[in-house]
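Let me begin by presenting the structure, written as structure tokens, before commenting on it.
The values are calculated or read from the model by the stated rules, or taken from the named source; none is laboratory data. Since the model is a prediction, treat every value here as computed from it, not as a measurement. In this analysis, Cβ positions are derived from the backbone assuming ideal geometry, glycine residues included, and neighbour counts consider all displayed protein chains. Accessible surface areas use protein heavy atoms only, side chains included; no ligands, DNA or RNA. Shrake-Rupley method; radii C 1.70, N 1.55, O 1.52, S 1.80 Å.
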Amino acid sequence: MDQMPTENGLRWIVDAYDTGFTFTLSEGLSPHELLRRVGAEERHIVPLTRSAAYELLLRDEEHHISDLDFLDWEDESAVAQLTDAGFLPVPPKTIVRAGSVAGWAYALEEFHDHTGAYLAELSEQGRVFQVHRSAKGFSLVGHACHGDAMTSFEPGMPHLTNGDPAEAALGFVYDGDELADVAFLRFLEGELGIHLPWEETEAELPAAAFS
């Protein structure tokens, strides 16, 4: 995967995950706590790079595991660990990888939105923000706080809001000058002062598979 620029704090995610993604920020949690709260068992959390997770997601079940570039298929311990955790032999529906930045846990997910159903659980220590972009380019923003789901909305589509209006809940106003998810990530950069280095997200992070 080509190196991404890091002159912006979060907006690069849109370009790096241009075929669909979910990005979640959860205040006061560790990466392992985040994964457990979205349904992972601690013993099934495995460190994976982004490229390894991508290989596992797109793997054809009929192909031999020797086709996986990141895995030494003769390493019985590594193969057993991935099998027990649900990454093999059947490709999982989605893989959630989690890290930490400036007092927040974050999760990144290719294509799907597993974490979206758990925003209330993820917000028990404070605030949660989530941005999801579908493969068709539609964006959905979610926000929860101290165990309560506050709002979910498509920027620029106020009639599709579920909960409080974005302006009232977050002070976010979408002016349409840039892509909706870029605009909200820019908003989070300013509100939270978070800079998430691209290099860290490509390296090994705790990961969980979900089918």
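Ignoring everything but the protein chains, give the 1.4 Å probe accessible area of Trp73 in square angstrom, nearest 10.
Solvent-accessible area, nearest 10 Å²: 120 Å².
Do any GluC sites (Glu not before Pro) in segment 1-106 lie in a loop, going by DSSP, with at most 15 other beta-carbon atoms within 10 Å of their beta carbon, and if so which?
The qualifying sites are Glu7, Glu41, Glu61, Glu62, Glu74.
Rounded to whole Å and sorted largest first, list the principal axis extents of the Cα atoms in segment 1-121.
39, 32, 22
How far, in nm, would the chain grow between His159 and Lys93 when pulled straight, counting 0.36 nm per residue and subtracting the alpha carbon separation?
Gain on stretching His159 to Lys93: 20.7 nm.
Whenever you get a sec, compute what percent of the accessible area on segment 1-126 sits on carbon and sulfur atoms (1.4 Å probe).
The value for segment 1-126 is 44 percent carbon and sulfur by accessible area.
Report the calculated FRET efficiency for Ser211 and His64 (r = Cβ-Cβ distance, R0 = 22 Å), to the nearest 0.05.
So, using R0 = 22 Å, E works out to roughly 0.60.
How much net charge surrounds Leu185 when only other residues with a Cβ under 13 Å from its Cβ are counted (Lys, Arg +1; Asp, Glu -1)?
-2
Please give the net charge around Gly103, taking every other residue with its beta carbon less than 12 angstrom from that of Gly103, where Lys and Arg add +1 and Asp and Glu add -1.
After counting each charged neighbour, the total is 0.
Stretched out fully, how many nm does the piece from Thr49 to Leu179 gain, at 0.36 nm a residue minus the Cα gap?
44.0 nm
Over the chain, with the other protein chains present, what is the accessible area per residue in square angstrom, probe 1.4 angstrom?
48 Å²
With all protein chains present and a 1.4 Å probe, how do Lys93, Lys136 order by accessible area, largest first?
Final ranking, largest accessible area leading: Lys136, Lys93.
From largest accessible area down, sort Arg186, Arg127; use a 1.4 Å probe on the protein chains.
Order by accessible area, largest first: Arg186, Arg127.
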